[in-house]
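A.B. asks: Handing you a structure now.
What follows is calculated from the coordinates using simple rules that are stated; it is not laboratory data. Owing to the predicted nature of the structure, the values given are computational and were not obtained by experimental measurement. Heads up, the Cβs are rebuilt from the backbone with ideal geometry, glycines too, and the neighbour counts pull from every protein chain shown.
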Number of protein chains: 2
Amino acid sequence: MRKENSTNSINREALINQCPVNYTLELIGGRWKTLILFNLQNKPLRFSELKRALPGVTEKMLTQQLRELEADNLLTRTVYAEVPPRVEYSLTDLGKSLQPVLINIAKWGLSVMPTYTSKQARA
Amino acid sequence: MRKENSTNSINREALINQCPVNYTLELIGGRWKTLILFNLQNKPLRFSELKRALPGVTEKMLTQQLRELEADNLLTRTVYAEVPPRVEYSLTDLGKSLQPVLINIAKWGLSVMPTYTSKQARA
DNA sequence: TATGGTACTTACTAAAAAGTAAGTTTTATG
DNA sequence: CATAAAACTTACTTTTTAGTAAGTACCATA
């Protein structure tokens with residue numbers, strides 16, 4: 001739960017409101033969000049399908065990030081009245097409109113990321 | 001200081017290595033980094049100039065984020081043999097190559113961000 | 001009852017990021 | 001000496017994010 005009156009919170013909100021880059025990063029920032037968005041770009045997927053597509057993700061984290069993406073209107077969560085439960089996630093139009101941006105970011109990343117694992121330069 | 005063997009760290013590194021979007025976001029993610037990069041796009045600036053351009057930033061946070069951007073080769077830190085100290089920051093070619101990406105992100109952000117402050121929808 | 005499947009929820013811990021406040025460095029000037 | 005300027009550094013605290021582990025709900029089947 002975010003504390004409302006902390007300097008941290010105040011600065012964060014200020015930057016989100018003033019800087020469209022920060023606004024966007026706020027929507028896609030999260031350990032698993034970009035991969036979720038990537039996996040949903042071609043068709044809707046169930047929770048379990050997403051989970052299998054994201055090695056290392058816990059159900060808890062997956063749920064949390066999906067809920068945030070939903071809250072930000074980037075994806076739709078469809079619950080089917082079935083047992084076992086069946087829940088499907090699909091991109092909204094807004095979520096789809098983000099794909100070219102993500103592709104653009106990916107292109108830059110691909111053009112500069114090293115082909116070997118040399119991340120030790122970072123503290 | 002990042003702990004090397006935490007699941008958190010392992011997942012993070014895995015995603016940075018596998019996903020170019022995450023790789024890029026790792027470079028620009030940080031409360032003040034995008035604004036720093038934006039302010040440096042036209043000409044080099046001194047520490048104090050950057051500080052004045054970023055309301056709410058502390059010297060500590062500014063220093064930290066500048067050092068990280070430098071470590072990631074996005075900017076150059078030039079120290080002049082003067083008193084009072086004079087240190088200048090400027091974008092590297094790599095930093096400059098990132099500008100179109102940031103502009104692309106900003107465009108999307110601008111197209112969707114509300115014109116009024118309605119961020120309460122987020123937990 | 002137990003077991004199974006899917007998709008969570010809850011209570012907590014660990015790790016990371018951001019911030020606070022004080023102190024330091026290099027000289028120059030009074 | 002004191003004060004000033006610019007650009008940090010250090011030690012600590014607060015806040016936020018990510019993760020661990022157990023439990024829950026809804027049925028269906030044995």
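A.B. asks: So which GluC sites (Glu not before Pro) in the range B:1-70 pass both tests, a DSSP loop state and at most 12 other Cβ atoms within 10 Å of the Cβ?
C.D. replies: Values: sites: B:E4, B:E13, B:E26, B:E49, B:E59, B:E68, B:E70; in loops: B:E4.
In loop regions of the range B:1-70 (DSSP not H, G, I, E or B), the sparsely surrounded GluC sites (Glu not before Pro) are B:E4.
A.B. asks: What pairs in B:K51/B:K96; A:K3/B:K96; A:K96/B:K33; B:K3/B:K60 have C-alpha atoms more than 32 Å from each other?
C.D. replies: A:K3/B:K96
A.B. asks: Further, regarding this structure: Given a cut-off of 15 Å, what percent of all Cα-Cα pairs of the range A:31-122 lie beyond it?
C.D. replies: Considering the range A:31-122, 64 percent of its Cα-Cα pairs are separated by more than 15 Å.
A.B. asks: Still on this structure: Could you pull the copy-to-copy label distances for A:E4, with points set 7 Å along Cα to Cβ, in nm to one decimal and sorted shortest first?
C.D. replies: 4.5
A.B. asks: Apply 1/(1 + (r/R0)^6) to the Cβ-Cβ distance of A:Q64 and A:T7, taking R0 = 30 Å, and write down the FRET efficiency to the nearest 0.05.
C.D. replies: The value I calculate is 0.75.
A.B. asks: Compare A:T76, A:T34, A:T24 in a GNM of chain A, Cα atoms joined below 10 Å, and give the one with the largest fluctuation.
C.D. replies: A:T24
A.B. asks: Could you check the simple spin-label distance between A:K96 and B:N17, using points 7 Å along Cα→Cβ, in nm with one decimal?
C.D. replies: With each label point 7 Å from Cα toward Cβ, the separation is 3.6 nm.
A.B. asks: Lys/Arg Cβ at +1, Asp/Glu Cβ at -1, dipole of the protein assembly as shown taken about the Cα centre: which of B:L102, B:V112, B:M61 is farthest positive-ward?
C.D. replies: In the protein assembly as shown, that residue is B:M61.
A.B. asks: Give me P(r) over the protein assembly as shown, computed from all C-alpha to C-alpha distances, binned every 5 Å, as integer percentages.
C.D. replies: Going out from 0 Å in 5 Å bins, the protein assembly as shown shows 1, 5, 12, 15, 18, 17, 14, 9, 4, 2, 1, 1, 0, 0, 0 percent.
A.B. asks: List the residues whose amide H sits under 5 Å from the amide H of A:L91, counting only those 5 or more places along or on another chain, with H placed 1.01 Å from N in the peptide plane.
C.D. replies: For A:L91, whose amide H was placed from the backbone, the distant partners under 5 Å are A:T76.
A.B. asks: Also, I was wondering about something else. 7 Å along Cα→Cβ for the label point: how many nanometres lie between A:L94 and each equivalent label in the other copies, listed shortest first?
C.D. replies: Listed shortest first, these distances are 3.4 nm.
A.B. asks: Using Cα pairs closer than 8 Å and at least 6 residues apart in sequence, work out the relative contact order for chain A, in percent.
C.D. replies: Details: 88 pairs, mean separation 24.0, N = 123.
Rounded, it is 19 percent for chain A.
A.B. asks: Follow-up. Which chain A residue puts its Cβ closest to the axis that rotates A onto B, and at what distance in whole Å?
C.D. replies: Residue of A nearest the axis onto B, distance in Å: A:N104, 2.
A.B. asks: Taking the label point as lying 7 angstrom from Cα along the Cα-to-Cβ axis, what are the distances from A:G56 to the corresponding position in the remaining copies, in ascending order and in nanometres?
C.D. replies: Listed shortest first, these distances are 3.1 nm.
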